[in-house]
């Protein structure tokens with residue numbers, strides 16, 4: 001199993017231009033089994049809008065690991081996070097140590 005990050009263009013539109021969507025994913029034998037997606041939503045913030053984990057990986061805390069990857073990315077890039085994905089919102093509520101990257 002490996003974690004990786006990709007970037008793609010398209011999918012969502014805002015103000016007449018396409019946003020660049022980024023995501024971290026989990027891959028095993030060439031098959032994507034989990035992912036978390038986000039996009040830049042301001043000069044110093046990203047919006048995390050989706051998390052999905054395959055039934056094959058349920059119960060293994062892969063979703064938590066993906067959230068931690070995004071948290072690490074935000075810290076490295078000095079970004080704040082707007083969590084619109086319900087899973088990510090719950091992670092922020094349950095983990096006070098993430099507060100430093102939560103957009104107010």
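Any read-out appearing in this document is the output of simple, stated calculations on the displayed coordinates, not a laboratory observation. Keep in mind that this is a model prediction, so the values were computed, not measured.
On a full-extension model of 0.36 nm per residue, what is the gain between residue 77 and residue 96, subtracting their alpha-carbon distance, rounded to one decimal in nm?
Value of the extension gain: 4.8 nm.
Please tell me the relative contact order of region 15-104 in percent, rounded to the nearest whole number, where contacts are Cα pairs under 8 Å and at least six residues apart.
This gives 24 percent for region 15-104.
Specify the inter-centroid distance of region 31-47 and region 83-104, based on alpha-carbon positions, in whole Å.
Centre-to-centre (Cα) distance: 14 Å.
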